[in-house]
Amino acid sequence: MQLDLNNLPTETPLLHRLVRDIVGTIEHRDSEIERLKSIIKQLQRAQFGRRSERLDPDQLALGLEDLDSDLAREEENRPRAEKQPAERSSHRKPLPDHLPREDVRLDIDSMICTCCGGALHVIGESVSETLDWIPAQLRVIRTTRPKYACRSCETVVQVPAPERVIAGGVATPALLAQVLVSKYCDHTPLYRQSQIFARHGVDLPRSTLAGWVGGACWWLESLHERLAINVFASDHLFADDTPVPVLDPGRGRTKTGRLWVYAREQRSWGGPEPPAAVYLFAPDRKAERPASHLENFKGVLHVDGYAGFEPLTSNGDVVLAACWSHTRRRFYEVAQATSAPIATEALRRIGELYAIEAGVRGQSPAHRLAARRSRSKPVVDALRVWLEAQLPLVPGRSTLAEAIRYALSRWEGLTRFLHDGRIELDTNPVERAIRPVALGRKNHLFAGSDAGGHRWAVLCSLVETCKLNDVEPYAYLHDVLSRMVDGHPVNRLDELLPWAWQARNPVKS
C-alpha cells in the first residue's frame, strides 16, 4: 500500500477506512514476520541445536560416556589402602550363566602355617569372576568327500555336496549373519567391513560382500512375508514412514524413497501378541502405498498427521488414533521460538495427560479405560474449550494458530484413547522403530537401488523384531539361515519368526 502523505483525504469516513486498512496490513505483516522468524529458529535448531523436545539419546549417551570415563580415571587415581577387605559387596549384576567358564585356581605354596608350623586345613574359598573377550577369528572349514568306485561296473559313489547359502560362495551362515548384523544392526557399511576383514588378512571386496547380502536376503524374503502377514492380522498397529535416499544413476544423484514402518506393541496393556515391526520399501509417499499395505487390515491404526492415512477409513474397517506427541511438538516449537504463554500452557495441560498415562501403563485395558474416563477426560474437555477460546486471540497466520488448528482438526482421533483402553496416546512405538533407520541412513548414506531399499526393509524388519523380543540378532540369523539351507519346510516358516524362535531357544546367545 502506497500513500501520498502530502495529499491525504480529509473526509472522516474515508480516513477511518484508511486507518483500518493500514492496521490490517500491519497485523498481516507482523503475523507473517512471526511465522518466518519461527521457521528460521526451527532451521537453526535443526542445524545447530536440538531438533526435539528432548536431547538426542545418542548425544546424551556420548556425554555420559565421557563423564563416566572421567569418574573412573579419578577413582583409579585415588590413593588406596594397602590392605583391601577380603570380600566386598557389589551391586553389579551377575554375569550370565550361559557364558562358558574357565576356572583359574590360585593356591598357597605350602600347607604349613608360617607362624607356628602347624598344619593348615580348608575353611572355605573366595570366588570372583571377571569378564574376558575372545577376539573374532576367521577360520576355514575344509570339507572332504571321498570318492569310491566299483571295479565291476565302474560306478562312482560320493556323498552329495552340502547346500550353500550362496551358490558357489565361500561364506558360511555364521559369516553371512555377521555381515548382515554389522550392516543392518550395527550400521557398519560394507566398505568398512571390507577394511576390517583386510586387517584379518582376508581380501573380501565390497562387491563380494554386497553379493552375499543379496543372496542371504533371497532366503529371508519369505520370512519377511510371513512376518508381514502376522503383523497385519492384528487389530492394533502403529504406522509411520521415513525417507531413504536411493541412488539414481540416470540422474547422477540420489532420489528419495520411503520406508513404511508398521509396529505392533501391546505390552503396555498386557496384550496377547508379541511386539513386532515390519518395514516395507516404496519409491514414493503416495497414499496408495499404505492403502496397498493395509488392504486387509481391520482395527485401530495409530498415525501422525499424514493425510494419506485418511482414505483408509472410508469403508469403516479402519479407525485412526491421532498422536498427542506430534500435537505437543508443535506447541513446543512455538514455545521455544517465541516463549508464548499460550503454547507454554498447552504444554502443561498435555503434560497432565502423560502423567496420568504413566500411572496406568502396564495395567489391563479395563483399568486404563476407567482411569482415563475419570481423570483424563476432564483434562481433555477443558483443553478443547480453552484452545477454542484462545484461537481467536492469536494472529490467524501465526505458528501458534497453526498448532491450535492442528489439534482441533484432529480432536476425534486425539480423544480416541478415552473410548478404548488398548489405544495409546502417541505413536512412540513406531517412532522408536524408525530411529535405527535414521542412524543407518547417516552411515550408509544411501541405498544403491530400489532393490537395495527392499533389502534394507527385509533385514530391518527381522533385526528390529528380534530386539523387541530380546532375541540376539546374530544368533537368530545364523540359526535361521542354517535351518533354511538345511531344508526347513516352507509350511513351517512361522516357527522361525523371532518370538517363536525365542521360545525354542530361551537362552540369549
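The values are calculated or read from the model by the stated rules, or taken from the named source; none is laboratory data. It should be emphasised that the depicted structure is a prediction, and the values quoted were computed from it without experimental measurement. Here the Cβ is made from the backbone with ideal geometry for all residues, glycine too, and neighbour counts use every protein chain on show. Accessible surface areas use protein heavy atoms only, side chains included; no ligands, DNA or RNA. Shrake-Rupley method; radii C 1.70, N 1.55, O 1.52, S 1.80 Å.
What the table shows:
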quantity: Residue satisfying condition, being modelled with pLDDT of 90 or more and open to solvent by less than 20 Å² (accessible area, probe 1.4 Å), within set ALA291, ALA335; calculated: ALA335
quantity: Selection from the range 120-171 of residues that are surrounded by 10 or more Cβ atoms within 10 Å (Cβ to Cβ), over 30 Å from SER110 (Cα atoms) and of a type in the set (A, V, I, L, M); calculated: LEU138, ALA149, VAL159, VAL165, ILE166, VAL170, ALA171
quantity: Filtered residues of the range 199-217 (kept if part of a helix (DSSP H, G or I), open to solvent by 70 Å² or more (accessible area, probe 1.4 Å) and at pLDDT 90 or above); calculated: ARG199
quantity: Subset tally (residues that are under 18 Å from ALA322 (Cβ atoms) and either without any contact (Cβ under 8 Å) to a residue 12 or more places away in the chain or among the aromatic types (Phe, Trp, Tyr) (or both)) for the range 352-373; calculated: 1
quantity: Enumerated helices (runs of 4 or more DSSP H) restricted to the range 362-472, each holding at least 1 residues that are acidic (Asp, Glu), open to solvent by 60 Å² or more (accessible area, probe 1.4 Å) and within 29 Å of PRO272 (Cα to Cα); calculated: 411-414
quantity: Candidates ALA282, ALA277 - the one that is of a type in the set (A, V, I, L, M, F, W, C), under 17 Å from VAL437 (Cβ atoms), under 20 Å from the mean Cα position of the chain (by Cα) and crowded, with 22+ Cβ neighbours inside 10 Å; calculated: ALA277
quantity: Checklist (1) of a type in the set (Gly, Ala, Ser); (2) under 30 Å from VAL471 (Cα atoms); (3) in contact (Cβ under 8 Å) with a residue 12 or more places away in the chain applied to ALA291, failing item; calculated: (2)
quantity: Count of the range 218-227 residues which are under 30 Å from LEU425 (Cα atoms) and crowded, with 19+ Cβ neighbours inside 10 Å; calculated: 2
quantity: Hits in the range 296-332 - residues which are surrounded by fewer than 16 Cβ atoms within 10 Å (Cβ to Cβ) and in contact with a Phe, Trp or Tyr (Cβ under 9 Å, 6 or more places away or on another chain); calculated: ASN296, GLY305, ASP317
quantity: Condition met for VAL261 (within 20 Å of PRO311 (Cα to Cα), in contact (Cβ under 8 Å) with a residue 40 or more places away in the chain, part of a strand (DSSP E or B) and touching a helix residue (DSSP H, G or I) at 6+ places or on another chain (Cβ under 9 Å)); calculated: yes
quantity: Residue within the range 371-389 that is over 29 Å from LEU497 (Cβ atoms) and among the polar types (S, T, N, Q) present; calculated: yes
quantity: Residue selected from the range 339-361 under the condition open to solvent by 60 Å² or more (accessible area, probe 1.4 Å) and of a type in the set (D, E, K, R), by the criterion nearest to GLU34 (Cα to Cα); calculated: ARG348
quantity: Among residues of the range 106-117, those that are part of a loop (DSSP other than H, G, I, E, B) and surrounded by 10 or more Cβ atoms within 10 Å (Cβ to Cβ), counted; calculated: 2
quantity: Candidate set from the range 473-509 (those that are more than 20 Å from ALA277 (Cβ to Cβ) and hydroxyl-bearing (Ser, Thr, Tyr)); member that is modelled with the lowest pLDDT; calculated: SER509
